[in-house]
Structure formats: C-alpha cells, structure tokens
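Written out below as structure tokens is the structure these notes cover.
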Amino acid sequence: MKKLLVYLTVFVGMASFAQTGPKIEFKEETINYGEVEKGKDDGIRIFEFTNTGDAPLLIKNAKSTCGCTVPEWSKEPIAPGGKGKIKVQYNMNPGPISKTITIESNAVNKPNGMIPLRIKGTVIVKEEVSPLIKKKTFPNS
C-alpha cells in the first residue's frame, strides 16, 4: 500500500509540472533569402506555425529591429492543433540582410512567450548595360 501511495504521489507531482496551455512550434525560425535581385523579388516571406498546446494561442505583437521589415499576423486566436502564418516583407535594400522579428505570444513553451524569428540573405542589384553605350574596341581586333 505504501508503494502505491509513493507511485501515486510521484505521478501526480510529474503531471503538475507538465506544461499546459498554448504551445507554438514554427516550421522554421530562420528564413534565408539567399542571393536575391532587387526589383525581381518582392521581399515577402511566410513563417508558418502550429499551436501544439491545449489552449488557444494568441500572437500579441510582432515587431522588427527596423522599419525596413514589416510583419503582419492574424489577430485571431489559433485553436489547439490550428495553424497560423506570420508574413514578413523586407524592403529589399541592396546589401546583406540580417534582421530579427520578435513575436510576443501567450505560448507557455517559450520564455515569456517571446520568439525571435530571423531573415537573412543578400540583395544584389544587376547592372544594366545600355544599348546606347558603345563598347570599347581595340585596334587590330
């Protein structure tokens, strides 16, 4: 009987430490744009996530490290098992991309419900050669 009481106490103690509530799992937390050409890429990328918890998940806020990256998200709660998206648009300034978008949520599986999402890559500008510019020619060629 004492053994049963000990096992029951241990089981109840373990169950009380299990996290209950909304949990967020992203398909990927970093999106690599790679090398993209300005003017040919709109800069939009989508972060997909699932609520793997047992309560509605709420994305409270999404903010970027600068104004060059604009996040959009659904303000509606995501039901347990439901999926959601966070759309991010980078303004495609030429040069390296290295930005963080901080998500504020009620997820219990992330410290304080905060999730850092990252985008990286490089925006290049292709030089256009005007057909009006004469090519240099060398004598004897």
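The values are calculated or read from the model by the stated rules, or taken from the named source; none is laboratory data. Remember, predicted model here, so these are calculated numbers, not experimental data. Positions of Cβ are backbone-derived with ideal geometry, glycine not excepted, and every protein chain shown enters the neighbour counts.
A few remarks follow.
- Filter pass, T100 being over 21 Å from V125 (Cβ atoms), polar (S, T, N, Q) and out of contact with any helix residue (DSSP H, G or I) (no Cβ under 9 Å at 6 or more places or on another chain): yes
- Single residue of region 37-72 satisfying the filter (at pLDDT below 95, among the hydrophobic types (A, V, I, L, M, F, W, C) and surrounded by 14 or more Cβ atoms within 10 Å (Cβ to Cβ)) that is farthest from N106 (Cα to Cα): C68
- Across region 42-73, the number of residues qualifying as out of contact with any strand residue (DSSP E or B) (no Cβ under 6 Å at 6 or more places or on another chain) and of a type in the set (G, A, S) comes to 3.
- Only a single criterion out of (1) over 20 Å from K38 (Cβ atoms); (2) not in a strand (DSSP E or B) is not satisfied by A62, namely (2).
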